[in-house]
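> After the structure tokens below, expect a handful of questions from me.
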Amino acid sequence: MKKQKWPQTLSWLLWCLFIIIAGFTAGYYLTMMIYTIIGRPPEPAAYVLYGLLSLAVLALEFFLFFYILRRAQQGKDHGWLQDSFFKVASHAMSRIAHGDFSVFLDPRDFRDHSELVESINTMAQALGTLETLRQDFVSNVSHEIQSPLTSIGGYAALLENNALMPEQRKHYLEIIKAESARLSKLSSNLLKLSSLDSGVIPLAARQFRLDKQLQSAVILLDPQWSQKNISITADLDKVMVSADEELLSQVWINLLHNAIKFTPEGGRIQITLAAKGGKTICTIADNGMGISPEDQLHIFERFYKVDKSRDRSLGGNGLGLSLVKKIVELHGGIVSVESEPGKGTTLIVTL
């Protein structure tokens with residue numbers, strides 16, 4: 001380290017000596033020029049004038065020297081930083097292109113390019129989130145498909161046994177039919193969500209009575225709620241809306257299906273519909289198991305299940321509420337939930 005500093009120190013000393021010699025030389029000649037104009041003053045005054053002029057020239061020389069040196073250093077540093085930034089940015093983009101989304105560049109290290117650095121960080125974070133969602137989606141779909149396929153394969157193998165009783169054979173066939181229906185429903189929901197996400201399905205808006213549509217949904221699900229002796233009451237105002245009738249029908253069927261599924265034997269479901277202040281508000285309330293505050297944050301996420309074991313036994317695939325949210329939002333509305341564990345759940349749709 002010392003060997004590297006000695007040439008630099010010697011260079012500084014030579015430069016300072018040169019500036020001092022040049023300063024006093026310039027001061028001397030300037031003094032002589034002034035003397036030719038105003039005449040030579042007495043000796044003490046002549047030396048003072050020479051000294052002052054020499055010091056002024058020295059100060060100016062040192063100022064110019066350090067100014068030029070600083071600008072040169074700044075230019076050198078800027079060029080190095082430019083080169084360094086583009087190398088780092090190029091490396092970061094290469095990592096992102098190869099699927100490494102943990103990239104992070106500190107904006108403080110590249111203040112001249114802070115906006116671009118923030119953009120790279122934001123892009124890496126967003127792509128990382130999308131990759132996580134993609135992996136979760138693939139995992140969830142694989143799991144949802146694998147479960148019914150395993151059941152179908154297992155019970156189909158059991159049907160090869162010619163010694164089965166007719167009752168057993170019928171039971172196995174019913175399970176295979178139910179699991180096939182689960183697969184069909186999963187496929188249908190995935191296709192519908194994909195179409196809604198991509199905008200392939202345009203909204204076919206028309207005027208219709210929303211209260212009549214809700215009544216039809218209740219009648220359609222009559223076998224399900226009658227089988228559990230559930231009491232359904234409805235307080236429906238006459239409301240005309242302009243919306244996609246088929247898609248909104250899916251909303252009420254999904255919400256009522258969930259309410260019936262999680263309402264106990266002999267329970268109650270209350271449906272209300274009212275138009276207030278230019279908005280249409282529909283609520284579907286049950287006295288079922290309720291939803292914890294933690295789960296309420298996620299119930300509209302795809303494949304999320306509040307009670308995974310129970311939900312699977314009832315044929316759910318965690319897409320029903322995701323479809324509800326997507327359809328309602330496409331109509332410019334919002335869907336929300338109010339619930340307490342053990343005190344039931346209320347789903348509120350505002351259009």
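The values are calculated or read from the model by the stated rules, or taken from the named source; none is laboratory data. Bear in mind that the values here come from a model prediction, so they are computed numbers and not experimental data. Neighbour counts run over all protein chains shown; Cβ positions are idealised from the backbone, glycine included.
> Only one residue in PRO293, PRO341 is surrounded by fewer than 19 Cβ atoms within 10 Å (Cβ to Cβ) and at pLDDT 85 or above, so which one is that?
Unique residue meeting the criteria: PRO341.
> While we're looking at this one, here's another question. Check whether at least one residue in the stretch 184-191 is closer than 28 Å to GLY267 by Cα and out of contact with any helix residue (DSSP H, G or I) (no Cβ under 7 Å at 6 or more places or on another chain), and report yes or no.
yes
> Identify the residue in the stretch 141-179 that is closer than 22 Å to ARG302 by Cβ and of a type in the set (Gly, Ala, Ser) and, among all such residues, is surrounded by the most Cβ atoms within 10 Å (Cβ to Cβ).
SER147
> Output the number of residues of the stretch 275-287 satisfying the condition of being over 33 Å from the mean Cα position of the chain (by Cα) and outside any strand (DSSP E or B).
Matching residues across the stretch 275-287 total 2.
> Let me ask you something else. Within the stretch 96-140, track down each residue that is over 30 Å from GLU301 (Cα atoms), at pLDDT 75 or above and in a helix (DSSP H, G or I).
PRO107, ARG108, SER114, GLU115, LEU116, VAL117
> Let me ask something else. For the stretch 189-212, which residues satisfy the criterion of being surrounded by fewer than 11 Cβ atoms within 10 Å (Cβ to Cβ), closer than 14 Å to GLU246 by Cβ and either at pLDDT 75 or above or β-branched (Val, Ile, Thr) (or both)?
Within the stretch 189-212, ALA204, ARG206 qualify.
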